[in-house]
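Read-outs throughout are calculated quantities, based only on the coordinates presented, and are distinct from any laboratory measurement. The structure displayed is predicted, hence computed values, not measured ones. Cβ atoms come from the backbone with ideal geometry, glycine included; neighbour counts cover every protein chain shown.
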Amino acid sequence: MSLLSAAEQYKILAENTAEIIIDEEFRKKLEKSVATNRPLRCKLGIDPSAPDLHLGHAVVLHKLRQFQELGHHVIVILGDFTGRVGDPTGRSEMRKQLSEEEVMANARTYQEQIFHILDRDRTETVFNSEWLAKLNFADVIKLASTLTVARMMEREDFSKRYRENIPISIHEFFYPLMQGYDSIAIHADIEFGATEQKFNLLMGRHLQREYGQEPQIAFTMPILVGTDGVQKMSKSLGNYIGITELADEIYGKTMSIADHLMPEYYRLATALPAAEINAILDGIKNEKVHPRDAKMRLAREIVTLYHGSQTGKDAEERFKQVFQRGQLPSEMPSFAYAAPTGIVDVLVNVGLAPSKSEARRLIGQSGVKINGETVGSSDLELDQFGEMVIQVGKRKFARVTIT
């Protein structure tokens, strides 16, 4: 356990949170933890609904890492059972149910990626099918009897769908009950989630009381806005920065965000101390720090978190080389093709576009260049012998030799 007092721990752990429910109860849990030398049991439930984690997911994971560094026990529940239902939070329609195979494939990826942030030796990972799959129908009826339909309809997403005559399936009502039961199964002291998960987190408190346990504390964390500056970060919206993306991609995407997002990204997506962050932001306000320099520092810090300090410095140097000095990157992948070969096929084969349709879209939007000249047609055939540099967008390059 940490040598820090409960008050000192509270100051660290409460920072950059959206809400702590209930704050006074959390203080008392910390005091009891210090007095008894018993780590708090910190729960995070993740439904493996998509295969990759991004900076939005990382906000909660970094908070959990703080708890670990103070000696507390983190339990990550991979929702292989709840994931087959799908969390209805924020949904305007019923979520597509995933197969067991899809859920488990995503769960394996999550298990690898969470340890880019969490301490593997101090993290327990479990699947909630271990207890949910064992409940019989009588158990489910008992669980459902603890909640009224009126209480369930307090959820904004459910009430909105009801008002708009959009179907709500009965199985969707069971999702928050199942997530709440997870807290009973592991005797959680604290559960973490984004602000939109508040109803589900409170369900854990409610059910723990019903089953004779001390209710958990609900920690809600702010939602990180995506690179578009409008909607929450989401892979489906294309406004995300993946924690396992290449360093240059992370750096370049961070540099693309609007200046007004920097305070939020500094506080939620870096590991810098609050005092240092405040000094940087104050420097921008006082015009002692140029916003461009502050953003480059932000990008370097984020790359450093997931790829290391030297890689962060290298990504910054490559960015300067390409965008500030107008030079081509010194290193890029090289490929050779026999003439003639179509530009669309080349873009896909060298990994500059994920599909032929996307390659044609990029060309149509003037997003593809060969030796600095914009490609005007997706029908272009590369039939001139020699070497060329193909560029897609601002950050993707490949050297292609036509033979």
key: Shape parameters for the stretch 171-273, alpha-carbon atoms, Rg then Dmax in Å   = 17.5, 51
task = With everything on Cα atoms, drop me the angle between helix 309-319 and the longest principal axis of the chain, reported from 0 to 90° to the nearest 10.
result = 40 degrees
query = log10 I(q)/I(0), Debye, Cα-only the stretch 247-324, no solvent, q = 0.14, 0.16, 0.23 Å⁻¹?
reply = -0.40, -0.53, -1.07
key: Among [x] 140; [y] 203; [z] 176, the entry derived from the coordinates for volume of the Cα convex hull per residue in Å³   = [z]
remark   = Diffusion coefficient in µm²/s returned for the stretch 161-211 by Stokes-Einstein, Kirkwood Rh over C-alpha pairs, 37 °C and 0.692 mPa s, is 275 µm²/s
ask   = Which trypsin sites (Lys or Arg not before Pro) in the stretch 269-317 pass both tests, a DSSP loop state and at most 10 other beta-carbon atoms within 10 Å?
value = Lys288
inquiry  = Tell me which of Ile114, Leu281, His187 sits at the most positive position along the dipole axis of the chain, charges placed on C-beta atoms (Lys, Arg +1; Asp, Glu -1).
reply    = Leu281
inquiry  = Taking 24 Å as the cut-off for C-alpha to C-alpha distance, list the pairs among Lys63/Lys232; Lys295/Lys320; Lys134/Lys198 that go past it.
reply    = Lys134/Lys198
query = Arranged from highest to lowest average of other beta-carbon atoms within 10 Å per residue, in what order do the peptides 214-225, 154-165, 266-277 appear?
reply = 214-225, 266-277, 154-165
request  = Take the alpha-carbon positions of the stretch 196-253, form their convex hull, and give its projected area averaged over all directions (one quarter of the hull surface) in nm².
outcome  = 5.6 nm²
task = Compute the Kirkwood hydrodynamic radius of the stretch 256-403, taking the inverse of the mean of 1/r over all pairs of distinct Cα atoms, and give it in Å to one decimal.
result = 17.6 Å
key: Nearest-20 debye value, the chain charge dipole, Cβ charges on Lys, Arg, Asp, Glu   = 500 debye
remark   = Taking Rh as the Kirkwood radius computed over alpha-carbon pairs of the stretch 327-403 and applying Stokes-Einstein at 25 °C with viscosity 0.890 mPa s, one gets a diffusion coefficient in µm² s⁻¹ of 201 µm²/s
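Could you give the C-alpha radius of gyration of the stretch 357-400 expressed as a fraction of 2.2 N^0.38 Å, taking N as the number of residues it contains?
For the stretch 357-400, the normalised Cα radius of gyration comes out at 1.09.
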remark   = Treating only Lys and Arg (+1) and Asp and Glu (-1) as charged, each at its beta carbon, one finds that the stretch 334-402 has a dipole about its Cα centre, in Debye to the nearest 20, of 420 debye
key: Dmax and Rg, reported as Rg then Dmax, of the stretch 6-221 (C-alpha, Å)   = 17.0, 53
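Mind pulling up the Rg/Rh value for the stretch 105-171? Radius of gyration and Kirkwood radius, both on Cα.
1.14
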message = Between helix 291-307 and the chain, what is the angle of the helix's C-alpha long axis to the longest principal axis, kept within 0 to 90° and rounded to the nearest 10?
response = 70 degrees
request  = Can you tell me the dipole magnitude for the stretch 247-324 around its Cα centre, using point charges on the Cβ only (Lys, Arg +1; Asp, Glu -1), in Debye to the nearest 20?
outcome  = 80 debye
